[in-house]
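Notes for the one structure printed next.
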Amino acid sequence: MTEQSGDSRKRTRAGGATGPRGGDTFEAHPANPDASPLSPIVRASTPELIAHQLREAIAEGHFVAGQQLLESSLAGSLGVSRGPLREAMQRLTQEGLLVGHRNRGLFVMELDEPAVRDMYLARGAVERAAVEHLIGSGRGESARELLAIVDGMRECSGAPRDVSALDMRFHETLVALTGSPRLMRMHGSLVTQVRMCLAATEITYQRIEDRVGEHGALAEAILAKDAKTADQLLVAHMDDGLRRVLDVRHERT
């Protein structure tokens, strides 16, 4: 057996590992013991996953305004126990998507005119705050992400449903660019309610090119750090959206 040299024995005792050729050894401990190439894995909880599915079903119109949601039926469809289901439904109640009636249960929120007006009022406030923050904090350059979505809207202008989906993504991205968890959380609930409105009224764009132009102009104003113009464009866009929803509702009543 070949005897190790003194230096080699010292390196081995220090916790080193012998190299692939059996010669030099390598330090086993990282230079910075606190550094790690790994990050924690974030897993959604069961109530969170259930809430997401219910939220999407409501937004898409699978559960219509005023419909009662029964725990037994939902638990069976989702394959979950009633504990996490109740927690998920409580979250949607806090968001305003579900409304509880004493001794009757939980129902999908009604889409009457006062509710629709209030929905657009709150949504406008959140998005105006987002625009003000992006420009005021010097993050207007991030609006290039919005222009990419506008390009997507232009490319699929022959498919109104696709344009509508990108419209929602534009506004969700606008708020997400602020990096504010609270603004995003508030806006997420409002967007779901707006999607409920659109699904219920089956609104489609009459002139898609106008919608593409509106979103493009807003993104350009943010990019140019023109706070006044951006705010005016956003207010006009919100007012037009509210008017179209109410016009369709009035035609059907």
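The values are calculated or read from the model by the stated rules, or taken from the named source; none is laboratory data. Values in this document were obtained by computation on a predicted structure and should not be read as measured data. Cβ sites come from the backbone with ideal geometry, for glycine too, and all protein chains shown count toward neighbours. The protein model used for the area step is the full one, side chains on, heavy atoms only, and it has no ligands, DNA or RNA in it. Shrake-Rupley method; radii C 1.70, N 1.55, O 1.52, S 1.80 Å.
Lys/Arg Cβ at +1, Asp/Glu Cβ at -1, dipole of the range 115-184 taken about the Cα centre: which of Tyr120, Ser164, Ile135 is farthest positive-ward?
Tyr120
Might you work out the accessible area of Val150 for me, using a 1.4 Å probe with all protein chains in place, and round it to the nearest 10 Å²?
Accessible area of Val150: about 0 Å².
Roughly how many debye, to the nearest 20, is the charge dipole of the range 125-253 about its Cα centre, given +1 on each Lys and Arg Cβ, -1 on each Asp and Glu Cβ, and no other charges?
Value, rounded to 20: 400 debye.
Give a residue-ordered list of calculated ³J(HN,Hα) values for the range 134-139 (Karplus: 6.51 cos²θ - 1.76 cosθ + 1.60, θ = phi - 60°; whole Hz; x for Gly, Pro).
4, 6, x, 8, x, 9
Grab every C-alpha pair in the range 47-127, bin the distances at 10 angstrom width from 0 up to the longest one, and report whole percents.
17, 50, 25, 7
Per residue, what volume in Å³ does the convex hull of the Cα atoms of the range 66-184 enclose?
Once divided by residue count, the hull of the range 66-184 is 157 Å³.
Provide the packing ranking of 186-198, 130-142, i.e. peptides ordered by the mean count of other C-beta atoms within 10 Å per residue, highest first.
186-198, 130-142
If you scale each eigenvalue of the Cα gyration tensor by 5 and take the root, what three semi-axes come out for the range 120-189, rounded to whole angstrom and sorted largest first?
Values for the range 120-189, descending: 22, 15, 9 Å.
Shape of the range 162-253 from its Cα gyration tensor (a ≥ b ≥ c, root eigenvalues): rounded if a/c is under 1.5, otherwise prolate when a/b > b/c, or oblate?
Oblate.
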